[in-house]
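The values are calculated or read from the model by the stated rules, or taken from the named source; none is laboratory data. Computed from a predicted model, the values in this text were never measured in an experiment. Quick reminder, even Gly has a Cβ in these numbers, built from the backbone with ideal geometry, and neighbours come from all protein chains shown. We work out accessible area using only protein heavy atoms, side chains counted, and drop any ligands, DNA or RNA first. Shrake-Rupley method; radii C 1.70, N 1.55, O 1.52, S 1.80 Å.
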Amino acid sequence: MFYPALMMNFYRFYQPKTKACLIFYEKQATQITDPKLKKEALASLKQKAFHCYGASFYASLVPQSKQSDYLCFMTAYQSICDYLDNLVDQTPIINETNFRRLHQSLLDVFKLTPPNQHYYQYQTQQLDSGYLNLLVRICQRCLRTIDNYKRYQPYFSRLARLYVDLQVYKHLKVSEREERLKQLKVENEKLAEGLTWFEFGAACGSTLGIFTMVAYAMNQEKYQVTPDRIFRSMFPGVQQLHIMLDYVIDLPEDLADGELNFFSYYKNDDEGIDQILELYRRVQREVEHLPEKVFHQTINDGLFALYLAEGLRKNPMLRTFEKKIMKNLGLRARFLLHHTKKFVRS
């Protein structure tokens, strides 16, 4: 069976290497001068480490000689995302100019040029002791190992720009954010066909398309798959599934804090879960166009396992969601949920 072997590789290889990367970043974060920046950097590494552990499974697509490069890139890029998400949640300077300057770091990653030194230009707190620049440089060093990188660069940048747009708009003032997100969908109508504005927003908020493309790009000799095929197999479907599950587990907390939550825009919880399950069935067909289709279908099951396990750890009241979702999924998802519950408790 494929998924027990995948879990074995996770525990033997991917998890220890991912943990080592995160420990290194944590040591760097402790050197940050500004106490508020340090707090958000350390909190993001501690509270959102499961994002990196989940994405580590894509190392299965990478030859062993390059798995360290993949895991190094993935953890650094995801750490930037999680750090900036925390930072803009807490900053008093709520405007598009500030948010875009901070998130320029995610776009600079794929330019492979020295990182911009002024990401904090509009922030009150600016002294991060080079932490953000370091993460950008680490990402770039790993990407330079990809042969024919220019073939993939436009697709990396496109996915990164969609992510940045989403992060910028969703953190604006309540009176602005929804209208800007609706406009984002209009501006990308060809990509958003058949989706509501909040479903398209969810699709923009995932990094899985980037990680999948990096993994395939690092193994071009084995996988003869075009970046366009990877893009269309991952976006919007798989990315939408990923982020909607994230919003499911954050729903009680977001509603209490008045935060934007895309899942909450469905008429009720039952409609939302039904839509997620229909989306799941669709993306299981869409990933059949990728090499190692069983791997990708397993990862989609793993998304449910990861987010339900993490959600239940934080809020046992989500058990009603778990029961409804899992009765519609198969043995593979139940197997992965069982093991993931043990991992998040450890």
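Observations on the structure shown:
- Among (1) within 24 Å of residue 309 (Cβ to Cβ); (2) modelled with pLDDT of 95 or more; (3) open to solvent by 10 Å² or more (accessible area, probe 1.4 Å), the one test that residue 238 misses: (3)
- Helices (runs of 4 or more DSSP H) fully within region 63-161 that include at least 2 residues being farther than 16 Å from residue 26 by Cα, open to solvent by 10 Å² or more (accessible area, probe 1.4 Å) and in contact with a Ser or Thr (Cβ under 7 Å, 6 or more places away or on another chain): 64-90.
- Top-ranked residue in region 137-165 [being over 18 Å from residue 215 (Cα atoms) and of a type outside the set (Ser, Thr, Tyr); ranked as farthest from the chain's Cα centre (by Cα)]: 137
- Options 176, 187: the member that is touching a helix residue (DSSP H, G or I) at 6+ places or on another chain (Cβ under 9 Å), open to solvent by 20 Å² or more (accessible area, probe 1.4 Å), acidic (Asp, Glu) and more than 20 Å from residue 206 (Cα to Cα): 176
- Which numbered condition residue 305 fails, given (1) over 16 Å from the mean Cα position of the chain (by Cα); (2) without any contact (Cβ under 8 Å) to a residue 40 or more places away in the chain: (1)
- The C-beta contact set for region 41-53 (first residue assigned to a helix (DSSP H, G or I), second residue open to solvent by 20 Å² or more (accessible area, probe 1.4 Å) and aliphatic (A, V, I, L, M), distance under 7 angstrom, 6+ apart or interchain) comprises 50/306; 50/344.
Yes/no matrix, rows are residues, columns are (1) open to solvent by 20 Å² or more (accessible area, probe 1.4 Å); (2) of a type in the set (Phe, Trp, Tyr); (3) within 27 Å of residue 340 (Cα to Cα):
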| site | (1), (2), (3) |
| --- | --- |
| 6 | no, no, yes |
| 21 | yes, no, yes |
| 30 | yes, no, no |
| 35 | yes, no, no |
| 48 | yes, no, yes |
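- Failed condition for residue 278, given (1) farther than 29 Å from residue 294 by Cα; (2) in a helix (DSSP H, G or I): (1)
- A Cβ distance below 8 Å, combined with a sequence gap of six or more or placement on separate chains, defines the contacts here; from region 247-260, residues that are farther than 10 Å from residue 318 by Cα and without any contact (Cβ under 8 Å) to a residue 40 or more places away in the chain reach residues that are among the hydroxyl-bearing types (Ser, Thr, Tyr) and open to solvent by 20 Å² or more (accessible area, probe 1.4 Å) in the pairs 254/264; 255/264.
- Residue list for region 265-274, filter: crowded, with 16+ Cβ neighbours inside 10 Å and outside any loop (DSSP other than H, G, I, E, B): 265, 272, 273
- A count restricted to region 323-339 and to residues that are open to solvent by 20 Å² or more (accessible area, probe 1.4 Å) and either in contact with a Leu (Cβ under 9 Å, 6 or more places away or on another chain) or among the aliphatic types (A, V, I, L, M) (or both) stands at 3.
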